[in-house]
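What follows is a set of notes on a single structure, which appears directly below.
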Amino acid sequence: MSQSIQHSINNQRALLTELIGTALSDYAGRILPQMDEAEKLDECLRKAFNALDHCKYVYVLDANGVQLSSTINRYGADAEARGRDRSERPYMLPNMQDASLDFNLSEAYISRNKKRPSVTAIQTIRDASGQRVGFLGVDYDLRELPHSNVMYEEPSQWRQIKGDPAIRQGVFFQQRVESVMDRHIDNVLSVHEALMLDHGVHHVQIHFSSSRSTIWHVDDPYVYRILTMDELSDPGICMAYPRRPYFERAIVLPQEIGQILKLFKTLRFTDETIYLRYGSLNIVNGKVGLNFSCDGTHYLNHDEFLAKGMDFWFGGENFPQAIVPAVPVDEERLDEVVEEIASTGCIQVNKLLYALEKDEVPEVLAGFNHDERDYIYRELKSVMDVYEGGVCGL
């Protein structure tokens, strides 16, 4: 099942919480008797590296978030850090605001000194009566922490990314200028089809406006190759790449490649104002990418792309409604709608998100256009990502 990138991050944070939380809780008990003497406290923290795997820096704060110890690393101690007030640091705020919170793993941030992605774990230190007397802080470099083997998967639903606002505002004052590739479009597309079918190319980006292509080959997938019109205009370019059977990992059927490329051509020439600047196809994940003259970019599954007719892209009156919204959305009004929907609870919100991902229009959103529904979907999705992270105790 495809997961959002936030879900993947939450899963990784859950793994780290389980790994780190118990160790910090156990070590906090050793620190309690030493908190009144800074030198003994530092000596206790030096031994922490034997018990706390992967940590970069350790330190102890009092109940008000003021540092009592030096900042200790594996190679020494920074005594000047004593007396530093950390109470307003983002990683401290959850513990400072909630006296019942025992452990918190911060969101990732860029460290001040090394400029590296890092996280901080804060463990509350309590006395025998359960009163909060301080905090154990441990900083981790993300490079040095263990990671799960589950890689984030690109979401399957249609994604639209708006580009440069300056280009969008001037889109109706421009007109397509014929490129060299435009004049040889049929031959160029035939060359791309042959490269993908018979010569091991699994990913192409065809830049119609700048008359060039970027390709990736299964024999050398970490390196891309740039083909200009000098190469693309010569069908002999195929001889420069070894013959390979159609890639076994491909989910795009061989006969669908030509159909997709022909649709690229149609989107390039149908309208002189709104036209395709470049199209991409990856036969392994089946993704089609489209970038238009308004600088809007779409990513969608190849079968969905093939199923859409030209009326979808250009409307019944040849107007590019799916590419350029007719009017900007009223974000202030839609934020009120998002807040009202969110108040119905996570079950109802998830049902609505699921319906939108299936291209269904829930009754509550029937009065909104495509771009308004898209805005509501993205805002609700971000709300649910935060909510689900909280439920997990992260």
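Every number here is computed from the coordinates shown, using simple stated rules; none is lab data. Note that the structure is predicted; figures quoted are calculated from it, not measured. Reconstructed Cβ throughout: ideal geometry from the backbone, glycine too, with neighbour counts over all protein chains shown.
Just going by the charge dipole of the range 1-119, with Lys and Arg at +1 and Asp and Glu at -1 on Cβ, which of 52, 12, 69 is farthest out on the positive end?
12
Which entry in [x] 48, 26, 23; [y] 53, 27, 18; [z] 33, 28, 18 matches semi-axes √(5λ) of the Cα gyration tensor in Å derived from the coordinates of this structure?
Checked against the structure: label [y].
For the range 135-143, what does the Karplus curve 6.51 cos²θ - 1.76 cosθ + 1.60, with θ = phi - 60°, yield as ³J(HN,Hα) per residue in whole Hz, taken in order and with x for Gly and Pro?
9, 9, x, 9, 9, 10, 8, 4, 5
Quick check on the chain: helices-only [θ] at 222 nm, where DSSP H runs of length 4 and up contribute -39,500 (n - 2.57) each and the sum goes over total residues. Nearest 500, please.
About -11000 deg cm²/dmol.
With axes computed from alpha carbons, what is the tilt in degrees of helix 185-198 against the longest principal axis of the chain, rounded to the nearest 10 within 0 to 90?
Approximately 60 degrees, to the nearest 10.
With a cut-off of at most 10 other beta carbons within 10 Å, and DSSP calling the residue loop, which chymotrypsin sites (Phe, Trp or Tyr not before Pro) in the range 17-89 qualify? Please list them.
75
Treating the angle as unsigned and between 0 and 90°, give the value, to the nearest 10°, between the Cα long axis of helix 346-357 and the longest Cα principal axis of the chain.
The angle comes out at about 20 degrees.
Under 17 Å between C-alpha atoms is the cut-off here; go through the range 159-314 and count lysine pairs that meet it, provided they're at least eight residues apart or on different chains.
The number of close lysine pairs in the range 159-314 is 4.
Could you name the lysines in cross-link range of residue 40, using Cα to Cα under 30 Å and dropping any fewer than eight places away on the same chain?
56, 114
Roughly how many whole Å is it from the C-alpha centroid of the range 38-84 to that of the range 216-253?
Answer, in whole Å: 56.
Suppose we flag GluC sites (Glu not before Pro) only when DSSP calls them loop and at most 15 other Cβ atoms lie within 10 Å. Which is the longest uninterrupted stretch of the chain?
So the longest stretch without any such site is 179-247.
If I take every Cα pair under 8 Å that is 6 or more residues apart in the chain, average their sequence separation and divide by the length, what percent do I get for the relative contact order?
Relative contact order for the chain comes out at 12 percent.
Give the angle, between 0 and 90 degrees and rounded to the nearest 10, that separates the Cα long axis of helix 5-31 from the longest principal axis of the Cα atoms of the chain.
For helix 5-31, the angle is close to 10 degrees.
Per residue of the range 54-65, in order, report the coupling 6.51 cos²θ - 1.76 cosθ + 1.60 (Karplus, θ = phi - 60°) as ³J(HN,Hα) in whole Hz, putting x for Gly and Pro.
Per residue, the Karplus-derived 3J(HN,Hα) values read 6, 6, 9, 9, 10, 6, 10, 10, 7, 5, 9, x Hz.
Counting Lys +1, Arg +1, Asp -1, Glu -1, what net charge surrounds residue 121 among other residues with beta carbon under 15 Å of its beta carbon?
-4
Taking the Cβ of residue 254 as the center, what net charge do the other residues with Cβ under 15 Å away carry, scoring Lys and Arg +1 and Asp and Glu -1?
-1
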